[in-house]
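The values are calculated or read from the model by the stated rules, or taken from the named source; none is laboratory data. No experiment lies behind these values; they were computed from the predicted model shown. Here the Cβ positions follow ideal geometry from the backbone for every residue, glycine too, while neighbour counts run over all protein chains shown. All accessible areas refer to the heavy atoms of the entire protein, side chains included, with ligands and DNA or RNA removed. Shrake-Rupley method; radii C 1.70, N 1.55, O 1.52, S 1.80 Å.
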Amino acid sequence: MKQYTLKPFESAKSDLQIDYAKELNPEQLAVVTDVVGPCLVLAGAGSGKTRTLVYRVAYMIEQGISPERILLMTFTNKAANEMLNRIEVLLKAKPKGLWGGTFHHVGNRILRMYGSAIGIGSDFTILDQEDSRDLIKACLAELDFPKDRYFPKAEAILKVISLGANASESAKETIESRFSYLDESVIPKIESVAKRYTEKKVQSNSLDYDDLLGKWNQLLKEKDDIREKLARKFSYILVDEYQDTNFIQAQIVRQLAGPLPNVLAVGDDSQSIYSFRGATVHNILQFPKIFENTKTFKLETNYRSTPEILKLANASIKHNINQFDKTLSAVRPSSDKPVVASLSDAAQQADFVCQRILELQQDEGISLSDIAVLFRAHYQVLEVEMEMNKRNIPYEMRGGLRFFEQAHIKDIVAHLKAYTNVQDEISWTRILNLQEGIGTTGATKIWKRVATFPDITHAISANIAESLPSRAAIGWQRLITLLDGMTGCDTNNVGALIQQVFKSGYDRHVAANFDNAQDRLDDITQLIDFAGRYDSLEKFLSDVALSEGFKGQTIVGEGAGPDEAVTLSTIHQAKGLEWKVVFVIGLTDGQFPHAKVFEHPDQMEEERRLFYVASTRAKEKLYLTYPLISGRGDLFSRVSQFLQELPESTFERWDVDESSGYRNLDDGEVRYVDEDGESEGGGILDVYLRQRGRK
């Protein structure tokens with residue numbers, strides 16, 4: 001039987017409502033009006049990517065293409081809703097039948113319609129993160145492994161399973177590549193949990209978020225008739241943020257495209273920074289090879305940043321080998337060069353950032369809400385947070401808790417508080433609940449006994465274990481051993497006290513209980529360094545208490561509104577956002593780029609892309625800072641290679657002197673500047689030693 005295929009009717013309309021040539025620049029217009037065949041759009045930072053996508057969909061509909069034949073996929077519900085609303089506004093009518101949404105949203109719809117072909121009932125339940133975690137817990141209970149307080153908890157196991165699903169890896173491969181801090185002995189057990197988890201989902205006709213992609217992909221692979229039907233239905237496929245797709249998502253796009261693909265992939269390989277979530281930059285880099293005769297467009301006109309900021313960003317990303325070549329050009333007028341500031345240590349870096357923020361607000365009228373401090377890892381901003389608290393600068397932590405509000409940091413601090421005060425019920429119950437065999441009720445009973453003693457030494461020597469159930473007695477003994485070890489430390493050496501807690505089993509507790517364990521371990525290492533600057537445990541705990549109590553309500557500066565606050569954010573959380581002024585801190589090798597890349601050089605290019613993303617968040621002013629000394633003053637830092645790679649012409653170098661303020665060193669030479677403005681020769685180390693009175 002001969003098959004006859006109906007092609008979408010495309011009329012050449014002349015009465016377009018929208019003047020595309022007027023409302024788009026030439027780069028955008030070329031993308032919008034070329035709708036046939038595979039297209040790759042390399043959309044540089046701030047180049048109007050969303051605008052281009054919206055106008056392309058509107059153009060296709062105005063050309064007579066039925067909205068029902070268009071599939072628009074994005075990565076967040078917010079982005080999808082924004083695009084669909086803007087399309088409706090442009091067309092002055094709702095495009096009925098247009099398929100738009102996240103990959104997961106579309107996958108859900110497809111599986112409701114066709115999932116029965118692979119054994120999925122149309123009434124399947126979607127498990128959210130909490131549901132999935134509870135199901136993992138049920139699997140652990142059924143498998144009944146021997147008790148091990150350091151075996152990964154449900155959240156960590158779920159993360160392993162999820163990343164493996166998105167990267168199409170086994171649990172073993174995922175653990176070896178992404179969770180190397182876990183003991184190899186847990187791999188067979190996690191594989192058993194993953195198998196049982198899958199079985200229980202099938203039994204209950206349930207899918208988790210990853211299944212919405214995995215089962216969709218399976219459907220397309222195994223059922224040719226359904227794949228061909230969907231390929232005919234979706235004659236035009238548009239995918240936003242293609243650099244953030246994972247292995248499964250790229251396969252879905254490839255299968256949906258059909259033999260005559262009208263696929264538009266929009267993204268920027270220079271902003272591919274989410275490999276830790278399973279995304280792979282190879283999807284966008286390989287797109288022209290996967291889809292033959294791909295037309296490649298570049299959006300290189302940047303509407304966000306000044307020419308000087310873009311010159312620095314362009315110069316940096318040029319060092320990546322695996323990339324599409326593009327150069328951003330600015331629309332905004334010329335302004336100040338980005339500043340590279342060397343600071344003696346993290347404390348002076350915090351001083352500089354806070355003082356400069358207040359100057360920008362008070363002297364130049366820049367709102368605090370137009371300022372951001374960006375960092376590679378959460379621990380890098382600890383000193384900045386503390387200094388902002390002292391200076392009453394309101395701030396908000398984007399996408400996360402403040403440093404001392406995080407569970408692992410609160411656990412560490414609770415040990416210190418309990419050690420100094422046996423009457424502290426909150427701290428004692430917190431650290432008791434961390435012990436195997438001790439629950440909430442048991443923790444309260446034990447603390448009431450502890451609170452009868454005058455100090456920690458008496459509590460340690462008391463024979464409390466004999467009145468406890470066997471498992472609780474073991475947990476209590478472990479805690480007493482830890483606290484006894486703390487009594488052997490100098491109470492004025494706060495860093496040593498924290499180190500004692502950390503190395504007495506809490507490091508293994510972190511690895512077992514958190515899905516982002518390495519980040520949390522880095523936080524605690526930084527906390528040890530930070531605490532090492534204190535010569536009094538009492539002073540340290542007082543500062544921590546003040547930090548915990550600060551809620552950012554005190555507004556600095558005349559006329560500041562209650563919603564005005566500086567943004568603190570990891571660079572990953574800042575992607576897609578912009579501020580007038582951006583500070584990027586901690587630019588030393590080992591911090592940014594992260595230490596891990598020196599063991600895995602293939603990851604260096606993603607770190608450089610992260611620096612590129614950070615730099616291009618700034619609209620008007622960019623400050624790049626690095627502390628010369630890390631830790632407690634016993635380790636000299638190497639300036640980040642991302643700064644070393646920059647041509648001197650792309651930035652202005654500032655040397656910061658505690659007594660005399662900033663000095664612009666136009667010749668790139670670092671000099672010490674005294675109170676009278678006289679300069680002395682010498683390198684960075686000489687500057688630091690003179691500032692600290694050691695030379």
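Stretching the chain fully between Glu396 and Asp602 yields a gain of 70.8 nm (0.36 nm per residue, less the alpha carbon separation).
Computing the accessible area with a 1.4 Å probe over protein heavy atoms, can you report the carbon and sulfur percentage for segment 270-377?
Working: 2010 of 4240 Å².
Reported share for carbon and sulfur atoms: 47 percent.
Computed extension length for Glu130-Ala545: 146.3 nm, one decimal, from 0.36 nm per residue of separation with the Cα-Cα distance subtracted. Given C-alpha coordinates of segment 309-464, what is the ratio Rg to Rh with the Kirkwood estimate of Rh? Checking Rg against Rh, the ratio lands at 1.19. Placing +1 on each Lys and Arg Cβ and -1 on each Asp and Glu Cβ, with no other charges, gives the chain a dipole about its Cα centre of roughly 2780 debye. Each of Val36 and Arg508 was given a label point 7 Å from its Cα along the Cα-to-Cβ line. The distance between the two points is 6.7 nm.
Remind me, what semi-axes does segment 60-162 give for its equivalent ellipsoid, largest first in whole Å, using sqrt of 5 times each Cα gyration tensor eigenvalue? Please list the in-between numbers first.
Numbers: eigenvalues 343, 56, 16 Å².
Semi-axes, largest first: 41, 17, 9 Å.
Stokes-Einstein D for segment 365-447 at 10 °C, 1.306 mPa s, Kirkwood Rh over Cα pairs, in µm²/s? Using the Kirkwood radius from Cα pairs, D works out to 104 µm²/s.
Take the chain with all the other protein chains still there, run a 1.4 Å probe, and you get 44 Å² of accessible area per residue. Normalising the Debye intensity of segment 201-241 to I(0), with uniform scatterers on Cα atoms only, and taking log10 at q = 0.16, 0.29, 0.35 Å⁻¹ returns -0.56, -0.99, -1.05.
Using the Cα atoms of segment 410-522 to build a convex hull, what is its mean projected area in square nanometres? Walk me through the numbers before you get to the answer.
On the way: hull surface 27.1 nm².
Computing the convex hull of the Cα atoms and averaging its projections yields 6.8 nm².
Solvent-free Debye calculation, one equal scatterer per alpha-carbon of segment 220-330: log10 I(q)/I(0) at 0.12, 0.19, 0.20 Å⁻¹ equals -0.51, -1.03, -1.10.
Of all DSSP beta bridges in the chain, what percent run antiparallel (nearest 5)?
Values: 10 of 62 bridges.
Counting DSSP beta bridges with both partners in the chain, the antiparallel share is about 15 percent.
In terms of its Cα atoms, the chain spans 91, 73, 46 Å along the principal axes, sorted from long to short.
In this simple spin-label approximation, Lys318 and Ser470 carry label points 7 Å from Cα along the Cα→Cβ vector, and these lie 7.1 nm apart. Computed log10 I(q)/I(0) for segment 268-338 at 0.19, 0.24, 0.26 Å⁻¹: -0.89, -1.12, -1.19, from the Debye equation with unit scatterers placed on every C-alpha and solvent omitted. Answer with one residue from Leu358, Ile321, Phe297: the one whose Cα lies farthest towards the positive end of the charge dipole of the chain, charges on Cβ with Lys, Arg +1 and Asp, Glu -1. About the Cα centre, the residue reaching furthest to the positive side is Phe297. In a fully extended conformation the segment linking Ala462 and Glu142 would gain 111.3 nm over its present Cα-Cα distance, using 0.36 nm per residue.
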